[in-house]
Amino acid sequence: DDGLTAQQKNAVRSAENYISVMGFSRKGLIGQLSSDYGDGYSVDDATIAVDSMSIDYNEQAAKSAKNYLGVMGFSCSGLVDQLSSDAGDQYTKEQAKYGAKAAGACD
């Protein structure tokens, strides 16, 4: 038994669906799951669900970076800023730098 409630297990399933389609930071994924416009889980349930998963956020940042570069051009610093901004994807600066480099935006 993983100790998760039914709500938390459902939130894990939702989170797995989201990250299979696009990149999400930890903060972004919790926000999506707990948003009134998203899934509407409580912040506590969303946080517990996300933290129970083993997610490689560097890999998620690379996925997000590749999506951005597929749509428009970014400088290395511009892409890192987009990925790490509170108004953007909310990755840590380190995750954002990894993602931008992995996507080919940085030397």
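Here are some notes:
- Residues of the range 68-79 that are in a helix (DSSP H, G or I) and open to solvent by less than 80 Å² (accessible area, probe 1.4 Å): TYR68, LEU69, GLY70, CYS76, SER77, GLY78, LEU79.
- Qualifying residue in the range 37-58 (condition: within 25 Å of GLY104 (Cβ to Cβ), free of Cβ contacts under 8 Å to residues at least 60 places away in the same chain and open to solvent by 40 Å² or more (accessible area, probe 1.4 Å)): yes
- Counted residues, the range 41-86 - those being under 18 Å from VAL21 (Cα atoms) and β-branched (Val, Ile, Thr): 3
- When the range 1-36 is filtered for residues that are in a loop (DSSP other than H, G, I, E, B), surrounded by fewer than 19 Cβ atoms within 10 Å (Cβ to Cβ), among the polar types (S, T, N, Q) and under 18 Å from the mean Cα position of the chain (by Cα), only SER35 remains.
- When ALA87 is tested against (1) open to solvent by less than 50 Å² (accessible area, probe 1.4 Å); (2) among the aliphatic types (A, V, I, L, M); (3) part of a loop (DSSP other than H, G, I, E, B), only condition (1) is not met.
- Entry remark, the range 28-51: residues being in contact with a Leu (Cβ under 6 Å, 6 or more places away or on another chain) and farther than 21 Å from ALA96 by Cβ number 3 in total.
- For the range 90-107, a residue qualifies if it is of a type outside the set (Lys, Arg), within 15 Å of TYR57 (Cα to Cα), without any contact (Cβ under 8 Å) to a residue 40 or more places away in the chain and open to solvent by 30 Å² or more (accessible area, probe 1.4 Å), and exactly one does: GLU94.
The values are calculated or read from the model by the stated rules, or taken from the named source; none is laboratory data. Because the structure is predicted, anything quoted here is derived from the model rather than measured. Neighbour counts run over all protein chains shown; Cβ positions are idealised from the backbone, glycine included. The area values use the complete protein model at the heavy-atom level, side chains included, leaving out ligands, DNA and RNA. Shrake-Rupley method; radii C 1.70, N 1.55, O 1.52, S 1.80 Å.
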